[in-house]
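For reference, the structure is listed below as C-alpha cells.
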Amino acid sequence: MDEDVLYSTIPELGRLLTEHALTSRELTEAYLKRLRELGPRFNSVARLTEETALSQADAADRLFQQGRLEGPLQGIPFAVKDLLAARGYVTSWGSEVFRDQQFDFDATVVRKLAHARGVLAAKLAMVRFAGGGGYEHPTESLHGPGRNPWNPDYWAGGSSSGSGSAVAAAMVPFAIGSETWGSIVGPCSYCGVTGLRSTYGLVSRSGAMALSWTMDKLGPMCRSAEDCALVLEAISGPDGDDPSQSGRRFRADGPAPPASMLRVGYSEVDFEEWAHPDSRPALREALEVLRDTGAQMKPASLPEMPYRDVARTLISCEAASVFEDVIRSEAFEKHPDPSQKKGLRRGLGIPATDYLKAMRIRRVMQGKLAEFFEKVDIVVQPASAETAPLIEEVPGIRRSSNLKLADKGNTDLGAAGNVAGLPALTIPCGFGLNNLPTALQLVSRPHNEAALISLGKEFQKRTDWHRQRPLV
C-alpha cells in the first residue's frame, strides 16, 4: 500500500473507507505488515492482535457495504500500550515478572474503541512497570530499548515508547499511551507525534495497570490535534468501573474558543536559555506561528512551589502500594533492573506522614494553579529542553539538568500539570539537536481540552511539522 495512505490522518483514512477506495481489511493488513516489519527494528511491539484486528476489520467492512457509518474511527486500526488489558492476549506491563499475564476482559478504553468500530492491531512496548521506582537506562523494557524512528541510535522516550515510535513510523494511525509524569509528552516530543494527556478522571483507567492512582492518565497519540480530538471523544466519558472517572465526556464537535480569544502565557527563559541552543531556532519560529494564530501571547510563570518533590513522593508511595505484593515476592528477583527494584522497595519505607503532607501541599498547588489559569488560558513551553537522548544515555542526566539559572521559568510545568491533573497537548514544531524532532507542550486548566485542540489545529494549519516522516 502507498506509504502516503499509511501516514494519513484519521479523517483522510475515513474518507478512503467511506468512498470504498479501500477496505478496512486491506488497511489493517497493510498496518499489520508494517508492525511485523518495523516493530522489531524499533522494539515497538509487545504483541500483534491479528485475529481480533481482522475480525473487527471485516465487521467494519460489512457496515461500510451496508452504507452504515457509526463514527469517525470505523475501520481505523490502532494499538494500545501494553498496560491495557485486552481479552485473550498477554498484558506484560513491560516486565519479565508478568510476561505470561492474561486477563479475561478488555480495559474500558479498549472496549470503547471497539464500540467506536476501531480495529485493535497490536499491544505496544513500554518501560517496565511504566517506570515505577525510577530507571537509569532506556533499555529497561522486556522488549528492549524503545528506538526512535528518526534515528534508531536514539531513544523513543518513556514509558510509552512503543506508542510514540509506532505512530511516528506509521505502524498505526494512532495509539493509546499513559502518563503519570511525562510518559505521553516525552515520546511525542522525541518522535515528532501529536499527543494529548487528558485531564485526570476524563478517561477511565479500568483495566489499566496502576502506577499512581491519583496521577495516572490515559490519552491518544496521533498524527494531528484533530485526530486527538476524535479519539478522545471515543474514549472519554462515564464508567462505573472506575470511581475516579469524573462523569464528564469530551465532544470533538463541541464549542471551542477561537485562537484569537486565547490568552497564551510563556516564559522567554524556557525558549532562550533552558532549551538547547540547537533547538532554539525551531522553538522561536513556533512561538511566532502561535502569534500568527491571533492568540494573545503574554509573559507568565507558574507560582513557585515544590511540584517535583510532591510528584516524586506521591508516585513513590502509590507505586510501592500498588506493587507491594510483587516487591515482597520471590518473583521480584526476576526483575533485572537493580535501580528500579531499589526504588520500588524504597517507596515502601516512606512514612505515611510524608505522603499526607504531600497530599495537603498538592491541594494548595491546585488552588494556586487555578488562580494562575484565571490570568491565562494556556501555558506554552518546550515539551523537552533537549531532543531525544542516545540509547546509552541516562535519562534526565543531561545538559538541562546541570544548568544553574536563577529564573526557572515554567520548567516545572510537567510536574505541576501532572500533580494537578491538567490536560496537555504536545505538537511537533521542527527539528533541533542531531536533527531530531522538537515540540511544544500546551497546558490548560482541567477539562479545557477544547481550547488546547483549537490552538493546536490552528498551529497545524500553518505548519507541516506533524506531516514530516522519518526515513524508515
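Just to be sure before I move on: is residue 46 in contact with a Leu (Cβ under 8 Å, 6 or more places away or on another chain) and either at positive phi or not charged (D, E, K, R) (or both) in the structure I sent? When the stated conditions are applied, residue 46 passes them. Are any residues in segment 8-29 under 22 Å from residue 471 (Cβ atoms) and either crowded, with 18+ Cβ neighbours inside 10 Å or in contact with a Phe, Trp or Tyr (Cβ under 6 Å, 6 or more places away or on another chain) (or both), and if so, which ones? Matches in segment 8-29: 8, 9.
Here residue 193 fulfils each of the conditions (1) open to solvent by 10 Å² or more (accessible area, probe 1.4 Å); (2) within 28 Å of residue 448 (Cβ to Cβ); (3) modelled with pLDDT of 95 or more apart from (1). Residues satisfying the criterion are present in segment 395-411 (criterion: touching a Pro at 6+ places or on another chain (Cβ under 8 Å) and closer than 26 Å to residue 187 by Cβ). Within segment 30-42, take every residue that is in contact with a Pro (Cβ under 7 Å, 6 or more places away or on another chain) and surrounded by 24 or more Cβ atoms within 10 Å (Cβ to Cβ) and give me the one that is farthest from residue 82 (Cα to Cα). Top of the filtered list is 31. Scan segment 235-249 for residues that are touching a helix residue (DSSP H, G or I) at 6+ places or on another chain (Cβ under 8 Å) and crowded, with 23+ Cβ neighbours inside 10 Å and the total you get is 1. Only one of the listed residues (273, 318, 333) is surrounded by fewer than 15 Cβ atoms within 10 Å (Cβ to Cβ) and out of contact with any Pro (no Cβ under 9 Å at 6 or more places or on another chain). That residue is 333. Taking the conditions exactly as written (outside any loop (DSSP other than H, G, I, E, B), in contact (Cβ under 8 Å) with a residue 40 or more places away in the chain and either open to solvent by less than 30 Å² (accessible area, probe 1.4 Å) or within 19 Å of residue 460 (Cα to Cα) (or both)), does residue 256 satisfy them or not? Against the criterion (outside any loop (DSSP other than H, G, I, E, B), in contact (Cβ under 8 Å) with a residue 40 or more places away in the chain and either open to solvent by less than 30 Å² (accessible area, probe 1.4 Å) or within 19 Å of residue 460 (Cα to Cα) (or both)), residue 256 does not qualify. Among residues that are touching a Phe, Trp or Tyr at 6+ places or on another chain (Cβ under 9 Å) and farther than 25 Å from residue 170 by Cβ, residue 74 is not included.
I need a count of the residues in segment 342-363 that are open to solvent by 30 Å² or more (accessible area, probe 1.4 Å) and under 19 Å from residue 443 (Cα atoms). Of the residues in that region, 1 qualify. In segment 122-135, the residues that are touching a residue at least 12 places away in the same chain (Cβ under 8 Å) and under 19 Å from residue 314 (Cα atoms) reach residues that are of a type in the set (Phe, Trp, Tyr) and open to solvent by less than 10 Å² (accessible area, probe 1.4 Å) with C-beta atoms within less than 7 angstrom, at least six apart or across chains, in these pairs: 129/323; 132/323. Answer yes if at least one residue in segment 116-135 is under 20 Å from residue 225 (Cα atoms), out of contact with any Pro (no Cβ under 7 Å at 6 or more places or on another chain), surrounded by fewer than 24 Cβ atoms within 10 Å (Cβ to Cβ) and not hydroxyl-bearing (Ser, Thr, Tyr), and no otherwise. Taking every residue of segment 116-135 in turn, at least one turns out to be under 20 Å from residue 225 (Cα atoms), out of contact with any Pro (no Cβ under 7 Å at 6 or more places or on another chain), surrounded by fewer than 24 Cβ atoms within 10 Å (Cβ to Cβ) and not hydroxyl-bearing (Ser, Thr, Tyr). One residue stands out among those in segment 276-285 that are part of a loop (DSSP other than H, G, I, E, B) and within 24 Å of the chain's Cα centre (by Cα): the one that is surrounded by the fewest Cβ atoms within 10 Å (Cβ to Cβ), which is 276. Of all residues in segment 322-341, those satisfying the criterion of being part of a helix (DSSP H, G or I) and over 24 Å from the mean Cα position of the chain (by Cα) are 324, 325, 326, 327, 330, 331, 332, 333, 334, 338, 339, 341. Would a scan of segment 165-172 turn up a residue that is modelled with pLDDT of 95 or more, of a type in the set (Ser, Thr, Tyr) and touching a helix residue (DSSP H, G or I) at 6+ places or on another chain (Cβ under 7 Å)? The answer is yes; a qualifying residue exists.
With respect to residue 156, determine if the residue is modelled with pLDDT of 95 or more, open to solvent by 10 Å² or more (accessible area, probe 1.4 Å) and farther than 23 Å from residue 13 by Cβ. Criteria not met by residue 156.
Can you give me the ranges of the helices (runs of 4 or more DSSP H) entirely in segment 130-237 with at least 1 residues that are under 20 Å from residue 421 (Cα atoms)? Counting at least 1 such residues, we get 185-191, 225-235. Taking the numbered list (1) closer than 27 Å to residue 159 by Cα; (2) in contact with a strand residue (DSSP E or B) (Cβ under 9 Å, 6 or more places away or on another chain) in turn, residue 60 passes all entries but (1).
Take the conditions (1) open to solvent by less than 10 Å² (accessible area, probe 1.4 Å); (2) closer than 26 Å to residue 93 by Cβ; residue 200 misses just one of them, which is (1). Selection of first residues in segment 222-233 that are more than 10 Å from residue 196 (Cα to Cα) and open to solvent by 20 Å² or more (accessible area, probe 1.4 Å) and of second residues that are of a type in the set (D, E, K, R) and at pLDDT 95 or above, restricted to Cβ pairs under 7 Å at least 6 apart or on distinct chains, gives the following pairs, ordered by first then second residue: 226/457; 233/251. Can you find a residue that is without any contact (Cβ under 8 Å) to a residue 24 or more places away in the chain and either open to solvent by 20 Å² or more (accessible area, probe 1.4 Å) or part of a loop (DSSP other than H, G, I, E, B) (or both) anywhere in segment 71-86? For segment 71-86, residues without any contact (Cβ under 8 Å) to a residue 24 or more places away in the chain and either open to solvent by 20 Å² or more (accessible area, probe 1.4 Å) or part of a loop (DSSP other than H, G, I, E, B) (or both): absent.
The values are calculated or read from the model by the stated rules, or taken from the named source; none is laboratory data. In this text the structure is predicted, and so the values were computed from the model without any measurement. Cβ atoms come from the backbone with ideal geometry, glycine included; neighbour counts cover every protein chain shown. The accessibility values were calculated without ligands, DNA or RNA, using every heavy atom of the protein model including side chains. Shrake-Rupley method; radii C 1.70, N 1.55, O 1.52, S 1.80 Å.
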